[in-house]
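The values are calculated or read from the model by the stated rules, or taken from the named source; none is laboratory data. Fair warning: this is a prediction, and the values are worked out from it, not measured in the lab. Neighbour counts run over all protein chains shown; Cβ positions are idealised from the backbone, glycine included. Note: areas computed on protein heavy atoms with side chains; ligands, DNA, RNA excluded. Shrake-Rupley method; radii C 1.70, N 1.55, O 1.52, S 1.80 Å.
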Amino acid sequence: MNKRTRVMLSAPLLACSLALGPAAAAVWAATPQALPSAQCFVEAKPGDATKSIITGEGFNKGTKVTVDQTDGPGGVLVTVGDDGKFTAADQPNGKYTASGGGLNASCLGGQAAQDAVNKNAVDAARKAGATEGFTTGKDLAQAGNCDAKPQPKPVPQGLVPDAASKKAAKEAHDQAFDSAFNAAIKRYCTD
């Protein structure tokens, strides 16, 4: 990309960030990118080494999803629940993809699946902390309590991350909460 194009593409972003101000920029910076819209995981079925359980999330509720084995003849059609998740149990071991409702995902297994679960837990905790912190700070500031200190709530758990990622998720949540809380207090307590 040449220098002129880079400047032309960067200028509107810079102008927007200056117009929003430092408080909004702090919240924006504390909020992670959205989680991928659809994910799929393959895990071994407990007690049966020849079978797998395929789970997915982030799909459109009520849609039909094709869970297709890419390295064999297995596959099944499942309906996504109201929470955007599906499960296909007792599938032959192998590699899978999931597609439906305009969304596609390669199903991760083994360490790649655990890494994705860990990352999701940290990202979700960071996002929740930023949202909760800003809302709490704004409410306290608007109530005239400008000397309030941040007190983050416990990290909500969804997927099952490993112990190190649970700790990282808690730290990410609390840091995002504190940052967003302080940004809200600063913004709404300025005369």
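Tabulated values for the structure
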read-out	value
In segment 164-191, the residues that are at pLDDT below 85, open to solvent by 80 Å² or more (accessible area, probe 1.4 Å) and not β-branched (V, I, T)	K166, D191
Test: T136 is touching a residue at least 40 places away in the same chain (Cβ under 8 Å), open to solvent by less than 50 Å² (accessible area, probe 1.4 Å) and not in a loop (DSSP other than H, G, I, E, B)	yes
Where P150 falls short, out of the listed (1) open to solvent by 20 Å² or more (accessible area, probe 1.4 Å); (2) at pLDDT 80 or above	(2)
Residues that are small (G, A, S) and surrounded by fewer than 18 Cβ atoms within 10 Å (Cβ to Cβ), drawn from segment 100-112	G101, G102, S106, G110, A112
Out of A30, A11, A19, sole residue that is under 30 Å from S179 (Cα atoms), at pLDDT below 90 and surrounded by 14 or more Cβ atoms within 10 Å (Cβ to Cβ)	A30
Residue match in segment 63-76 (condition: on the phi > 0 side of the Ramachandran plot, touching a Lys or Arg at 6+ places or on another chain (Cβ under 7 Å), modelled with pLDDT of 85 or more and of a type outside the set (D, E))	no
